[in-house]
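Chemist: Attaching a single structure in structure tokens format; questions to follow.
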């Protein structure tokens, strides 16, 4: 059996990475339904309908994570996950600004969550580009 070529390895890595990101978001979304009180507690007070938004964001994470598994829909899922990450960012900022309310986490950990959101957005962005839009990639 011949060793996989570099483009083949790259494609396999991207597929595996897509599955990993998908599972991450699906698990995070399910967690919204298992630990609803926690997610309601991290909502900034200026946002309305805390419980409804927790359920909506959880459902969006599950749905978009699942959609990412389907190659045909990965670009849409990627953009949706980026938008969702932007939408939930105020809750992460709220946690970092009020660490006394979240004693189960260190203040440093709460602040480190903020750049992690950008890593997740960049990871999701990787799937928004169709092969036809990559002019310098070998085919």
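Chemist: Is it the case that some residue within the range 5-15 is over 25 Å from residue 128 (Cβ atoms), surrounded by fewer than 13 Cβ atoms within 10 Å (Cβ to Cβ) and touching a residue at least 40 places away in the same chain (Cβ under 8 Å)?
Modeler: Scanning the range 5-15, I find no residue that is over 25 Å from residue 128 (Cβ atoms), surrounded by fewer than 13 Cβ atoms within 10 Å (Cβ to Cβ) and touching a residue at least 40 places away in the same chain (Cβ under 8 Å), so the answer is no.
Chemist: What is the residue count in the range 24-41 for residues that are under 17 Å from the mean Cα position of the chain (by Cα) and surrounded by 14 or more Cβ atoms within 10 Å (Cβ to Cβ)?
Modeler: Counting residues in the range 24-41 that are under 17 Å from the mean Cα position of the chain (by Cα) and surrounded by 14 or more Cβ atoms within 10 Å (Cβ to Cβ) gives 9.
Chemist: Identify, from the list 25, 38, the residue that is within 19 Å of residue 94 (Cα to Cα) and either touching a helix residue (DSSP H, G or I) at 6+ places or on another chain (Cβ under 9 Å) or not in a helix (DSSP H, G or I) (or both). If you could, list the steps in order and put the result at the bottom.
Modeler: Working: 25 fails: within 19 Å of residue 94 (Cα to Cα).
So the residue among 25, 38 that is within 19 Å of residue 94 (Cα to Cα) and either touching a helix residue (DSSP H, G or I) at 6+ places or on another chain (Cβ under 9 Å) or not in a helix (DSSP H, G or I) (or both) is 38.
This table checks each residue for (1) part of a helix (DSSP H, G or I); (2) surrounded by fewer than 18 Cβ atoms within 10 Å (Cβ to Cβ); (3) in contact with a strand residue (DSSP E or B) (Cβ under 8 Å, 6 or more places away or on another chain).
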residue: 44; (1), (2), (3): no, yes, no
residue: 59; (1), (2), (3): yes, yes, no
residue: 77; (1), (2), (3): yes, no, no
residue: 85; (1), (2), (3): yes, no, no
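Chemist: Within the range 87-103, which residues are under 14 Å from residue 114 (Cα atoms) and not in a helix (DSSP H, G or I)?
Modeler: The one that is under 14 Å from residue 114 (Cα atoms) and not in a helix (DSSP H, G or I): 98.
Chemist: Follow-up. Quick test for you: out of 67, 76, 120, 84, pick the one residue that is over 24 Å from residue 11 (Cα atoms) and at pLDDT 95 or above.
Modeler: 84
Chemist: Where the second residue is outside any helix (DSSP H, G or I) and the first is under 19 Å from residue 54 (Cβ atoms) and lies in the range 86-110, which pairs have Cβ atoms under 6 Å and are six or more apart or on separate chains?
Modeler: Sorted first by the residue in the range 86-110, then by its partner, the pairs are 90/44; 91/42; 91/43; 94/44; 95/42; 95/102.
The values are calculated or read from the model by the stated rules, or taken from the named source; none is laboratory data. For clarity, every value in this text was computed on a predicted model and none was experimentally measured. All Cβ positions, glycine included, derive from the backbone under ideal geometry; neighbour counts span all protein chains shown.
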